[in-house]
Each structure stands twice: as structure tokens, then as C-alpha cells.
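Peer 1: This is the structure, below, for whatever I ask next.
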Amino acid sequence: MSGSASRAIGSVRRALRRRRRPVEPPALISTPRPSLTYRLISYLLVFPVYRLLFRGCTAGNGNVPLEGALVVVANHGSHLDPPLLGHALGRPVAFMAKAELFRVPLLGPIIRACGAYPVARGASDREAIRTATDRLEQGWATGVFLDGTRQADGRVNDPQPGAALLAARAGARLLPVAIINSHRALGTGRGWPRLVPVHIRIGTPIAPPLSRRRADLDVVTRQVQEQINRMLDEGLIAPGHRAASRPGALPPSGADPDR
């Protein structure tokens, strides 16, 4: 075989090994439909826990884009947050999960069906970002907790740029979400849940950063932090004001975040 032919074959092989990029922008890709397992878990398990045990309600559902890539960014107060977000937003939200969980009988298939994706223990931040970007390119809503870890007061205190970087890589909008009271229901160090109301306020989408430069990432990260904390400051969603509740609105009369 001639040298030119060998080089041509090598070029083809290298091209096939490269990760294929989507032809159309992520925002235009159809969102994967929720599986039967996802729907069963959402309505038979998460629904009664959220709506009945924690007297949950949601405001701002009209702000949720129902199609295309979306970075859902929230505060993080407890382990309740991931399933509550997926249920309350009305579309599946994919979250990172430790790879070991996927090898657990019964649990593994369930969390995979719910859109979770594995990240190996000790994996680099770069690898985790690549994995999350792949999900966005498939049209998923991908969930990110802005602090990265649970916060004792349930607020956004030390925001990390990971969500903004994801949005910049995929060209996807960010959707700020405030989860009110989950830190009091099942926060750090609490063995048993406390049956306090847990409400969710959904903010307005924010455009992705102009670039991947740290300065641009920080600008968008601050915007998301401010919107989430502002919604937390509004407190619980008062009866009769749920549909009208929106980011930046004054707290309904009598609303008490510790009620």
C-alpha cells in the first residue's frame, strides 16, 4: 500500500474517532422524552412526598423552556433537591451521580432512567464538564447546584463558575431556581426529615456567557446567584399568589420563610 493511501486511511480513522458535534444548535434539539420509569417515579413517589408530606407548590412554571438544552441552576440545601427539581419543572432534569450508584441492583436502572449520568470517583472537573456538555448536546435539561455542595442555610454563598462554563460550551440558557426550606426539611446533619413546607420558585432564563473567559463566566454566575437569593428572600409562596409570583416581586403579605 502506498504512503499516500496509508495517510488517507489514517485521516479517515482519526475523523471517525473524533466526537461528533450536533449539526444544529443545542437549543433547537428536541428534548428526550421521559421514560416510563421516570414518569412512575415522579408521580407515584416524588409527587406525594413533595405535594403531601412537604406541602409543596411551585411558582414560575411558565418560565421553563420545554424544549432544547437548558442549564437548571439552583441552591442546594438537602438530598431532596434533585428529585424535587425534576418533578416541579415539568421536564426531566439530568444530574451527575457517583458511578458506584449505577452498579447497585434496582437503584442503578432507576436513576439511569431518571436521566442521571455517572461520574467516576476522583474524576477531574474537566471530565465532569465534558460529560454534562454531552447531555446538553442531546437536548437535556442539566441540573447544577451553584455552590456545588449543600449549604446549611440553604442559600447560594460560594457560587462556582461550573454552570456558566457549561452554558458557554453548549450555548444553552441558564434557568435560576430557588428551593425554599429544603435545608430545614432534610439539611446537613439531619437524620430524619422535618415536615416543613418546601416551595420552589422558578426564575427567568439568563443568556449564556459571551465567552469562556473567567470574567464573562463570573458576570453570569453573579446574575444567577443574585436572582436565586432574591427569590429565596421572597419566602414561601402564599395561597392565592402562586400563579402571580415572579422573580423580583415583593413577598406576598404574611409570607414567612420559616413557617
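Readers should treat all values here as calculations from the given coordinates under stated rules, not as data from a laboratory. Given the structure is predicted, the values throughout are model-derived calculations rather than measurements. Cβ placement follows ideal geometry from the backbone for every residue including glycine, while neighbour counts extend to all protein chains displayed.
Peer 1: So which trypsin sites (Lys or Arg not before Pro) in the range 137-197 end up in coil per DSSP with only 15 or fewer other C-beta atoms within 10 Å?
Peer 2: Arg190, Arg194
Peer 1: Which one of Val64, Tyr117, Leu195 is farthest out on the positive end of the charge dipole of the range 30-233, using unit charges on Cβ (Lys, Arg +1; Asp, Glu -1) and the Cα centre as origin?
Peer 2: Of the candidates, Leu195 comes out farthest on the positive side.
Peer 1: Charges only on Cβ, +1 for Lys and Arg, -1 for Asp and Glu: so what's the dipole of the range 30-233 about the Cα centre, in debye to the nearest 20?
Peer 2: Roughly 320 debye, rounded to the nearest 20.
Peer 1: Which of Arg39, Arg103 comes first, and how do the rest follow, when ranked by fewest Cβ neighbours within 10 Å?
Peer 2: Least to most surrounded, the residues fall as Arg103, Arg39.
Peer 1: Thinking of the range 30-233 as a set of Cα atoms, what percent of all their pairs are more than 22 Å apart?
Peer 2: Value for the range 30-233: 46 percent of Cα pairs lie more than 22 Å apart.
Peer 1: Of the listed peptides 128-136, 76-84, what is their order by residue-averaged count of other C-beta atoms within 10 Å, with the highest listed first?
Peer 2: Ranked by mean Cβ neighbours within 10 Å, highest first: 76-84, 128-136.
Peer 1: Using alpha carbons only, how many angstrom separate the centre of the range 144-179 from the centre of the range 67-113?
Peer 2: 15 Å
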